[in-house]
1. Let me check I have the definition right: for the chain, take the eigenvalues of the Cα gyration tensor, multiply each by 5, take square roots. What are those semi-axes in whole Å, largest first?
2. Once the Cα atoms of helix 48-59 and of the chain are each reduced to a long axis, what angle between those two axes, in degrees from 0 to 90 to the nearest 10, is obtained?
3. In whole Å, what three semi-axes, largest first, describe the equivalent ellipsoid of the stretch 132-192 built from its Cα gyration tensor (square root of 5 times each eigenvalue)?
4. When the convex hull of the C-alpha atoms of the stretch 379-421 is computed, what volume per residue in Å³ does it have?
5. Net charge within 12 Å of Ser229 by Cβ-Cβ distance, Lys/Arg positive one each and Asp/Glu negative one each, not counting Ser229 itself?
6. At 1.4 Å probe radius, can you tell me the per residue accessible area of the chain in Å²?
7. For Cα pairs less than 8 Å apart in space and 6+ apart in sequence, what is the mean separation divided by the residue count of the stretch 355-421, i.e. the relative contact order in percent?
8. Quick one: compute the contact order of the stretch 42-146, relative version, from alpha carbon pairs under 8 angstrom and 6+ residues apart, as a percent.
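The values are calculated or read from the model by the stated rules, or taken from the named source; none is laboratory data. Keep in mind that this is a model prediction, so the values were computed, not measured. Positions of Cβ are backbone-derived with ideal geometry, glycine not excepted, and every protein chain shown enters the neighbour counts. Surface areas here come from the heavy atoms of the whole protein model, side chains and all, with no ligands, DNA or RNA. Shrake-Rupley method; radii C 1.70, N 1.55, O 1.52, S 1.80 Å.
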Amino acid sequence: MDKFVIKGGTPLKGEVTISGAKNAAVAIMPAVILSDGPCILENLPDISDVHTVKRILAEMGAVVKNIDKNTVEIDPRPVDTDIVPCELGRKMRGSYYFIGALLGRYKRAVCPLPGGCDFGVRPIDQHLKGFEALGCECMVKEEGMIEVSADELVGDNVYMDLVTVGATINTMLAAVKAKGLTVIENAAREPHIVDLANFLNTMGADIRGAGTDVIKIRGVEHLKGCTYSIIPDQIEAGTYMVAAAASGGDVLIKNVIPKHLESISAKLEEMGVIIEEFDDAVRVVRNRPVKRCSVKTLPHPGFPTDMQPQITVLLSIGKGTSIVNESVWDNRFQYVDELVRMGAKIRVNGRIAVIEGVDYLTGASVRSTDLRAGAAMVIAGIIAKGTTYVEDIKYIQRGYEDIVEKLQALGADIRLSSTPD
Ligand code: EPU
């Protein structure tokens, strides 16, 4: 069983370069299916979720050519099916973006119901609401497959009952070649939604308002191939910011968009961490004790839920009592038991965690309960006294390119161990 072995106690120092955004990549890659010609995608993160999307595209007939580790050329012209391969599709939640993209191309899509990290119930009712507004019928078929189809896709107004990244993206994908105007109200505003809109517009789409809560999409008949560079990963950057702060380090985090990091920077500053912003980098320094803080996760531009486990680790060594309120997912504190085994004092009641800061954490064997929780365990290992073994690292490899190498370059004593248990 692969695991990370971390000897804690070294403050992180130096520079780290952030990779492309996972959640932009997993939306943009399926969108290539809408194009009439090949697309070159640059700054793609080299992570297992991206490998899975490449394999899905290849299995559907696309020609997927790796130009280098972070650049791929995808020719969608040979795709000859509207069915997403079941086993691969189930591996990751983002595979449902193939529904929107295939609808745009074939007016029909068959896709496995989504898998991915487990934070409790993860409904897709708002995705279906978007598709239905455009004239689709949605049917759950045998073996957990869903079929969505329409005789014709026609634009309409869609009001999302809650702010959802996935349903906003899927509705955009389905609307981009629909007839007429689609207006998504109460749309999500995450940076990867803007990135997807920019990519589609580069291909010839007519999308306005991405990044606000009203997105207007006027359907076009054709989209052409293009070359596009994915934005840097907000959450990978935030994870290194918190790791730097938690370890009492001094790290320059390069290839970031500081604007995307504002909510994270603001909370770190409240905790007494020094943040220096440059055009495309941030420097994070902590040379004082961590102050207590209250954090509530919210859709963008609020504090991201995907940073909640990492910030909880930092607060676990803060002075005083902190509160973390998870308002996006209903079951995202599963990792807390692991942190408690490292000496953290945290009580969870529903969506609220109450954290009594302790002087230090102690190394232990801990599991990654999901991607971001796994990253949080790595940070906990870096600051703990003694040795931490982080298991189930397959979750972490879904979203963090070269995490071991990047942390080693910052001075962390971390290695991958592949010895059988
Ligand atoms: N929701 C519904 N109905 C829907 C869709 C969502 O009720 O039809 C609810 C969800 O249950 C949740 C809330 O709306 O309570 C927000 O869900 P959202 O749709 O925004 O999440 P998602 O699209 O499934 C993406 C990211 C997640 C990230 C969330 C929130 C991808 C592939 N995943 O998920 O990222 O936590 O947005 O920002 O983009 C991660 O990267 O570790 C990760 C889990």
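1. 37, 21, 20
2. So the helix axis and the longest Cα principal axis differ by about 20 degrees.
3. Listed largest to smallest, the semi-axes of the stretch 132-192 are 20, 16, 10 Å.
4. Numbers: hull volume 3.7 nm³, N = 43.
In the stretch 379-421, the Cα hull volume divided by residue count equals 87 Å³.
5. Values: positive: none; negative: Glu42, Asp195.
Net of charged neighbours comes to -2.
6. Values: 16060 Å² over 421 residues.
Per-residue accessible area for the chain comes out at 38 Å².
7. Values: 74 pairs, mean separation 20.4, N = 67.
For the stretch 355-421, the relative contact order is 30 percent.
8. On the way: 133 pairs, mean separation 20.6, N = 105.
Result for the stretch 42-146 is 20 percent.
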